[in-house]
Amino acid sequence: MELKYYRYFAKQYPLTVVGTLIILIIGLVALVAPLISPHDPLQLHLADRLLPPGHTYLLGTDEMGRDLFSRIIYGARLSLAAGVGIVSIAGIFGTVLGSVSGFLGGKTDLIIMRLMDIMLAFPSLVLALALSAALGPNFRNSILAVAVVKIPVYVRLVRGQTLSVKEKHFVKAAQTFGASKVWIISRHIIPNCLAPVMVQATLGIGEAILIAAALSFIGLGAQPPAAEWGAMVSVGRTYLLDQWWYATFPGIAIFITVVGFNLFGDGVRDLLDPRFRH
Amino acid sequence: MKRILVLALCVFTLFGLAGCAQSANTPQTASKQDQPLVIATSADLGSIDPAVAMDNAAWKISYPAYDRLVNFKGSSTDVEPSLAKSWDISADGLTWTFHLRDDVKFADGTPLDAAAVKFSFDRLLKIKKGPSDAFPSLENVTAVDKNTVLFKLKTVFPPFLSTLATNGGGIVNPAVMKHEKDADMGQNWLATTTAGSGAYVLAEWVPEQSLKLTVNPNYWGSKPKLNTIIIKIVKDPSAQRMALEKGDVDVAENIPVDQLKELKKNPDLTIFETPSLMVDYVYLNTQKAGLKNPKVRQAISYAVDYQGIIDNVWQGNATQMRGPIPNGLWGYQPDLLQYSRNVEKAKALLQEAGVNNLTLNFMYSDRKPWWEQEAQIIQSNLADIGIKVNLQKIAYAAQREKIDKGDFDLTIGVWSPDYADPYMFMNYWFDSKNFGLAGNRAFYKNDEVDKLVRKAASINNQTERIELYKQAQQLIMQDAPYVFLVQKKYQLPMRKSVQGFVFNPMLEDMYNFQAMSK
């Protein structure tokens, strides 16, 4: 029965399965990075700089003689941490703000939503860039910056959901029994808004990774010598004419990861969102 | 379908990311009769007013647009007559009389006379920005008659004649006062235009794109061979390289040293190489608690892998500095102490100093492409002796500001002399009057060194000065306020057709356009 169900699922949603596999592999790579990387990602081998892909250095070396393969493996940790971290922070704050805003209504609602509108009026990359520069360029701040920028998406989503949930009988009943607002929001409203938040979050991880990589690319994210994919593409770009491998492999890593998360997110939406069910 | 779209979007975003920093410059086509010399450079220029500009990039434009009383001779550190035919010095060394040529006109046709010389120096001293620092002892300038100017000095200043050849000594047309606004002596106007008597005038400046120099019709010297010179701003080094290989530009200034080896294989290109006096060194903020102890600073100097930096970052195109004064300038001491990598000794010194678990910030910017590599090597070298270094990359303007305020532990910079005198190194870097951007960027104070370098700056006898600077250098090497990294070679890739370029180590990144041809 179970097996049959999976087989059916794989047939119906082959791309989702591919996406899930990609994420699982990358997650595993990140987890066991120290075990599988052949070299220390930060160790300089000055005599071996800019070597092409070969036997000792599978994907070649960078301008400081560091092993690119090991750096890409370790980079998975940073990129996954960035992606998951961003959507978690944005998701949690967005859900709380959205449910409070929707449930309380009135002035609170007005203030929160107008603030969110202001944030949505900026292109997300530009706002993230400004915030990251203001906080001081490092990896943690770049995650915070992108998370803040992504909050409005969740606020709007949860607020809309809250407006419909709060008219439901069980909420009305709880109110009649004199339940506190905090209790109702945390026990009734938020649990009933979680499904769309999960969909939004999985769909958002890919984009979050991309923005975090973009920030590192322009020097506002991870700082050297951290093995971050976006930063590696950025430095490798200078060497593109003679050492094609330097920028190419981290670029491919970003590409595969983001595609994986997007395919997975698509599948999760299809499963959880009734409107998209065929 | 939707998923394919998502996939396609991913691909586009990725390419967008990689294309972020590509410049969109398209090559300009030139007419056949007047082939301009095209130079690619990486950044637009600031003010080109000789009394304001402190940047060799800006001097590239102003130096050929103005004349000076004297010029640096060819590639040497000597000076030769220019506007001044000859000069006399009073017995006490305080009064200099210059006899001017009588055939010089500014680009607008008005004659250049003693009054214009007086005006230029009065203006320089009144504006009192960076370029005036080269004339610390100048009291006043008087125009005796039409072709005679008298410079009066407060104290003896040995490099005085050499400082007259710096960009700040450029003679400005007094007509700029017509463009004065808010008593700025025409600074605003001269920031983007030229008013001199030099071989070229600035004809056009399209911000962030290009600058165009054309021949000054009233130039008094021999007629330059090149009618037009175009400085093109091409931000991306790869784009510069491709433009150079295609022949869209004749000279490319910002190709990283890593790529020069490949360029040498191209038969149409040549790489101009010569020793320079430009040095690259790390400032240790001697006022910070962790770096106060000279033993710690010595340990840092012993930890750095100089040979690794030379072999890898510089691909052999640099030599390790021996003390502050570069090889090729008088005052250089061939037998001065030179630190070399010695991890054991460095660890022992740290132990003597009683320091463990030291954490330092290393601040740098991307102004010079090699700084990041050097910073990472030094980070790894210092980790070997147990000092943890956090790298901190910031914008160049912010780096300068923090250097001025002393808000850093370690940072890195380059220095090249503007005139041929060890004063440019010894007094700028070590005199405790010059804290911050002025030159003493290690915030180093040693009363004995102060006394020695100040004395050396007040006498004209070169042998005595060498001895004083030698004593100062010996003290300095024990105090190790800087990590003296490398003296770099000057390398400039250009098309083989470019002829007549002469490099003068005082004029780093600048050109002798009037003698060049293509």
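Couple of notes before you dig in:
- Test: residue in region B:205-222 that is β-branched (Val, Ile, Thr) and open to solvent by less than 20 Å² (accessible area, probe 1.4 Å): no
- Tally, over region B:401-426, of residues that are in contact with a strand residue (DSSP E or B) (Cβ under 9 Å, 6 or more places away or on another chain) and not small (Gly, Ala, Ser): 15
- Of the residues making up region A:16-38, those that are open to solvent by 30 Å² or more (accessible area, probe 1.4 Å), over 15 Å from A:Ile72 (Cβ atoms) and within 14 Å of another protein chain (Cβ to nearest Cβ) are A:Val17, A:Val18, A:Thr20.
- Taking the criterion of being out of contact with any strand residue (DSSP E or B) (no Cβ under 9 Å at 6 or more places or on another chain) and within 13 Å of chain B (Cβ to nearest Cβ), the residues of region A:39-58 that qualify are A:Leu42, A:Leu44, A:Leu46, A:Ala47.
- Residue within region B:208-221 that is under 22 Å from the mean Cα position of the chain (by Cα), at pLDDT below 95 and within 14 Å of chain A (Cβ to nearest Cβ) present: no
- A:Ser88 among the polar types (S, T, N, Q) and buried (at least 17 other Cβ atoms within 10 Å of the Cβ): no
- The numbered conditions (1) within 20 Å of B:Asp409 (Cβ to Cβ); (2) hydroxyl-bearing (Ser, Thr, Tyr); (3) open to solvent by 40 Å² or more (accessible area, probe 1.4 Å) are all true for B:Ser340 except (1).
- The listed residues are B:Asn460, B:Asn440, and the only one of them that is within 18 Å of B:Gly323 (Cβ to Cβ) and among the polar types (S, T, N, Q) turns out to be B:Asn440.
- B:Phe72 passes every criterion in (1) open to solvent by 10 Å² or more (accessible area, probe 1.4 Å); (2) without any contact (Cβ under 8 Å) to a residue 60 or more places away in the chain apart from (2).
- Selection within region B:332-367: residues that are free of Cβ contacts under 8 Å to residues at least 24 places away in the same chain and of a type in the set (Asp, Glu). The member of this set that is nearest to B:Ala289 (Cα to Cα) is B:Glu344.
- Of all residues in region B:235-251, those being closer than 28 Å to B:Gly168 by Cα and open to solvent by 10 Å² or more (accessible area, probe 1.4 Å) number 1.
- Elements of type helices (runs of 4 or more DSSP H) in region B:84-200, at least 3 residues being closer than 30 Å to B:Lys212 by Cα: B:114-127, B:187-190
- Sole residue being modelled with pLDDT of 90 or more, of a type in the set (Gly, Ala, Ser), assigned to a helix (DSSP H, G or I) and under 30 Å from A:Val233 (Cβ atoms), chosen from A:Ser186, A:Ser132, A:Ser164: A:Ser132
- Only listed residue being among the small types (Gly, Ala, Ser), facing chain B (nearest Cβ under 10 Å) and part of a helix (DSSP H, G or I), chosen from A:Ala213, A:Ala208: A:Ala213
- Evaluation of B:Val79 against (1) modelled with pLDDT under 95; (2) over 30 Å from B:Val144 (Cβ atoms); (3) under 23 Å from the mean Cα position of the chain (by Cα) (one fails), failing number: (2)
- Counting only helices (runs of 4 or more DSSP H) that sit completely within region B:359-436, those holding 1 or more residues that are within 14 Å of another protein chain (Cβ to nearest Cβ) and in contact with a Pro (Cβ under 8 Å, 6 or more places away or on another chain) correspond to B:370-384.
- For region B:310-330, taking the residues that are crowded, with 23+ Cβ neighbours inside 10 Å and not in a loop (DSSP other than H, G, I, E, B), the one that is modelled with the highest pLDDT is identified as B:Ala318.
- Set B:Lys261, B:Lys223, B:Lys265: member being outside any strand (DSSP E or B) and either under 30 Å from B:Val104 (Cβ atoms) or touching a His at 6+ places or on another chain (Cβ under 9 Å) (or both): B:Lys223
- If you go through region A:47-66 and keep only what is part of a loop (DSSP other than H, G, I, E, B) and open to solvent by 10 Å² or more (accessible area, probe 1.4 Å), you end up with A:Arg49, A:Leu50, A:Leu51, A:Pro52, A:Pro53, A:Gly54, A:His55, A:Thr56, A:Tyr57, A:Leu58, A:Leu59.
- Boolean, A:Ala90 is part of a helix (DSSP H, G or I) and at pLDDT below 95: no
Table: residues versus (1) at pLDDT 95 or above; (2) among the hydroxyl-bearing types (Ser, Thr, Tyr); (3) out of contact with any Asp or Glu (no Cβ under 8 Å at 6 or more places or on another chain).
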residue: A:Leu44; (1), (2), (3): no, no, yes
residue: A:Asp48; (1), (2), (3): no, no, yes
residue: A:Leu51; (1), (2), (3): no, no, yes
residue: A:Leu58; (1), (2), (3): no, no, no
residue: A:Asp62; (1), (2), (3): no, no, yes
residue: A:Gly65; (1), (2), (3): no, no, no
residue: A:Phe69; (1), (2), (3): yes, no, yes
residue: A:Ile73; (1), (2), (3): yes, no, yes
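The values are calculated or read from the model by the stated rules, or taken from the named source; none is laboratory data. Source: prediction; values computed, not measured. Cβ atoms come from the backbone with ideal geometry, glycine included; neighbour counts cover every protein chain shown. All accessible areas refer to the heavy atoms of the entire protein, side chains included, with ligands and DNA or RNA removed. Shrake-Rupley method; radii C 1.70, N 1.55, O 1.52, S 1.80 Å.
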